[in-house]
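Only the coordinates and a few stated rules stand behind these numbers; no lab work does. Owing to the predicted nature of the structure, the values given are computational and were not obtained by experimental measurement. All Cβ positions, glycine included, derive from the backbone under ideal geometry; neighbour counts span all protein chains shown.
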Amino acid sequence: MGMFDVLAISSSGLKAQRNRLEVIATNLANVHTTRTAEGGPYKKKEIVFASEDVSGEPFGSLLKKKTEGVRVEAIEESRKPFERVFDPGHPDADKEGYVTLPNVNVMEEMVDMISATRSYEANTNVISATKHMFMKALEILK
Amino acid sequence: MKIEGLATEHFIESIQKPRKADSSFVDVLKDSINKVSEIEKEADKEAEKLARMETQDIHSTMIAIEKADLTFQLMMQVRNKILSAYEEIMRMQV
């Protein structure tokens, strides 16, 4: 239904931001993880978004529709270098007594979290605006 | 001001023309009411899914409910307008 396209787009935005918060939660939970399945410390995860046609029309993207929602393209590992801390007592310390900690910066994650929350809020505001416009249009009949 | 008479032949023609059976006003109304009830059922399903903790996104449930609410309001407005038109006709002097 054409008039609800905005809702579909905002819904995709909300979902994307929720997924982003999930990734941030993963990073924050693993801020001190030194052992992973593939060996070595935990690697910070980054979320990558891509625009996507969400109108539900078949071949909508081929019809050159200009309005697009968003989808999670990939969750990839950050290329940032690991942090090395001198802690000889740690079970995972190397010969020189250094422990390689994950490349997660708590401050950065907190800032990302605020950004995700605000983006989520922005999308809910779009939904409220859509609803408001719809109700205003209905008032024409009154 | 120039006053024109009613173009009677066109008027008669237009009321005598048989209406297409598949697009009568009743059908259109029925169709739109069906659509509204469909959207409402969808919202019901979403709410049930949320209650059973099967859904991942609360917002999709909220949007489904909002959609149902908006379409229902639209239907109510159309209904009110139709009823007021009917009442207007019933009030006509005969």
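Observations on the model:
- Cross-link check: pairs A:Lys44/A:Lys66; A:Lys44/B:Lys49; B:Lys45/B:Lys81; A:Lys15/A:Lys44; A:Lys66/B:Lys30 evaluated at a Cα-Cα cut-off of 26 Å; pairs beyond the cut-off: A:Lys44/A:Lys66; A:Lys44/B:Lys49; B:Lys45/B:Lys81; A:Lys66/B:Lys30.
- 37 °C / 0.692 mPa s Stokes-Einstein diffusion coefficient of region A:1-121, Kirkwood radius on C-alpha pairs, µm²/s: 196 µm²/s
- Rounded to the nearest 10 degrees, the inclination of helix A:106-138 to the longest alpha-carbon principal axis of chain A is 10 degrees.
- GNM remark for chain A: springs join alpha carbons under 10 Å apart, and the peak mean-square fluctuation among A:Tyr98, A:Tyr120, A:Tyr42 falls on A:Tyr98.
- Ordering A:Tyr42, A:Leu138, B:Phe72 by the projection of their Cα atoms onto the charge dipole of the protein assembly as shown, which places +1 on the Cβ of Lys and Arg and -1 on the Cβ of Asp and Glu, puts A:Leu138 at the extreme positive end.
- Residue mean of other protein chain beta carbons inside 10 Å, A:125-131: 2
- Across peptide B:59-71, the average count of Cβ atoms from other chains found within 10 Å of a residue's Cβ is 5.
- Shielding by partners, peptide A:9-16 (average Cβ within 10 angstrom, other chains): 2
- Region B:40-89-region A:66-94 distance, computed between alpha-carbon centres (Å): 43 Å
- Compactness relative to 2.2 N^0.38 Å, alpha carbon Rg of the protein assembly as shown: 1.66
- The Rg/Rh ratio of region B:49-94, with Rg taken over Cα atoms and Rh as the Kirkwood radius over Cα pairs, comes to 1.42.
- Size of charge dipole - chain A - debye, nearest 20, with Cβ of Lys, Arg +1 and Asp, Glu -1, no other charges: 560 debye
- In this simple spin-label model, placing a label point 7 Å from the Cα along the Cα-to-Cβ direction at both A:Lys142 and A:Ala37 gives a separation of 5.7 nm.
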